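Reviewing the structure listed below.
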Amino acid sequence: ALLDLKKSASGIIPHEQTLAAPKQDRLQLLRSLEGNEDLIYMLYSDEALAVNRVMDRYIAGRDPDIEAADEYGTRHRLWAIPDPEAIAAIQSGMHSRDLFIADGHHRFETSVNFMKECEQRNWKPAGVESFDKRMVACFNIMDGVTILPTHRLVRDLAALDTASLLGAAEEHFDIEPLSSASELWKKMKELQSEHVFGFYPADLRKFYLLRLKSNAAEAGDEVRGLDVSILHTLLLERCLGIDANKLAAQSHVDYERERENCIRLVDSGNYQAAFFLNPTTAEQM
């Protein structure tokens, strides 16, 4: 769908701090293409499933217009809905919805900045698809949404001694050595309702489960409630000295979606350690 950047800005709810370098990169791309090369991933909440019912009714019995498998083996099916009545019903159902940015904070901010840049040049929107719109995908969390975790890779620290790190982490975490990656994945899944993390350091090449202690005191329920906040506050910042400024500078932490690839990258010597997270729930998002 197209999002009207002028009319919809108040209904867009971000949750991440953005970084200057990625926004500059995306702005240069947008200037060059003058088009959207991908979708921003938006979440909204509608228990009545109003829009889902409209779409289901319209595509019933139709083969998808496009079908493809990606590099992860996931099958994607796409139906176009050009019917004016269906579009009007979808627009009506989405009109009052707040949209939470699940993925695409940098792209959203860049789109707004590009629109302002175009207006400063006295450009006028040409047709429906123009610089004052942004291509987005909207997913109803009440229809079942899985948010896969993004794991952290640590690099370029002056030193990362596993024994020292685990000793410091014991103030807030119960630490359990495990024999294999598969055992770590199993334990993390079993304890998904708690705050647990996987840790794989280059100096020992062993797997550890870090489980937040029930009496761990931390500032604010929002930090206690979110694995990402706990990881960044109690492990990256307090134990490794990677604070918010260093995160913003992208000097020590990279991000990877595949757990096995994290292990390969650590084993290859490119990274000093990997931290693994469980999926974030749509409710937490």
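Multiplying each eigenvalue of the alpha-carbon gyration tensor of the stretch 4-122 by 5 and taking the square root yields semi-axes of 29, 19, 15 Å, largest first, rounded to whole angstroms. Shown here: semi-axes √(5λ) of the Cα gyration tensor in Å, derived from the displayed model; of the candidates (1) 32, 23, 19; (2) 39, 23, 18; (3) 43, 21, 16, it corresponds to (2). Based on every Cα atom in the stretch 135-285, Rg and the maximum pairwise Cα distance Dmax equal 15.4, 48 Å. For the stretch 166-285, the solvent-accessible area of protein heavy atoms averages 51 Å² per residue (probe radius 1.4 Å; ligands and nucleic acids excluded).
Hey, which lysines would be in cross-link range of K6, C-alpha to C-alpha under 21 Å, not counting anything within fewer than 8 residues on its own chain? Correct list for K6: K23, K116, K124, K133. A simple spin-label model places the labels of S193 and K213 2.3 nm from each other, with each point 7 Å out along Cα-to-Cβ. Share of antiparallel DSSP beta bridges in the chain, in percent to the nearest 5? Counting DSSP beta bridges with both partners in the chain, the antiparallel share is about 80 percent. Exposed loop sites here are trypsin sites (Lys or Arg not before Pro) assigned a DSSP state other than H, G, I, E or B and surrounded by at most 10 other beta carbons within 10 Å; excluding them, the longest clear run of the chain is 122-285. Dipole magnitude for the stretch 76-233: about 440 debye, using +1 per Lys or Arg Cβ and -1 per Asp or Glu Cβ, origin at the Cα centre. Of the chymotrypsin sites (Phe, Trp or Tyr not before Pro) in the stretch 1-82, the ones in a loop by DSSP (not H, G, I, E or B) with at most 10 other beta carbons within 10 Å are Y72.
The values are calculated or read from the model by the stated rules, or taken from the named source; none is laboratory data. Quick caveat, the model's predicted, so the values are computed rather than measured. Because the Cβ atoms are built from the backbone with ideal geometry, glycine has one as well, and the counts that use them run over all protein chains shown. Heads up: the accessible areas ignore ligands, DNA and RNA and are worked out on the full protein's heavy atoms, side chains in. Shrake-Rupley method; radii C 1.70, N 1.55, O 1.52, S 1.80 Å.
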